[in-house]
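Read through the structure below, which is laid out as structure tokens, and then see the notes.
Since every read-out is calculated from the coordinates, none of them should be taken as a lab result. None of the values given here were measured: they were computed from a predicted structure. Cβ placement follows ideal geometry from the backbone for every residue including glycine, while neighbour counts extend to all protein chains displayed.
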Amino acid sequence: MRYFQRIFLICSSLIGFSNLTLAQENNAAANKPLVNVSSDCAARATEKKLAGAALNSFTKKCERDAATVSCATAASEKRLRGAAKNSFTKKCIKDSTDKN
């Protein structure tokens, strides 16, 4: 009987570790923006014939708005609510709009 208990314990531990690794990979993918919109924002800015500070301001706002929509969608897919949703969305938007 102890033999089966040990086997069960080992198998459940292995399954738990594999699920943890998959969850970490999924979280890393979820924090990235879903769509690359910088080219779309640049195209819309050239349509409007913006230049200088107006171009920078428009592009920054356009990218932030797209990141907000993308991150809100990701938060709803994860079924986050309240403070967890706000925190996730804020971090996701910051990560999406940072230009390193």
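Can you pull out the residues in region 57-100 that are of a type in the set (A, V, I, L, M, F, W, C) and not in a helix (DSSP H, G or I)? Leu80 - this is the single residue of region 57-100 that is of a type in the set (A, V, I, L, M, F, W, C) and not in a helix (DSSP H, G or I).
The set of residues from region 44-68 being exposed (fewer than 12 other Cβ atoms within 10 Å of the Cβ) and either closer than 14 Å to Lys94 by Cα or hydrophobic (A, V, I, L, M, F, W, C) (or both) comprises Ala51, Ala53, Lys61.
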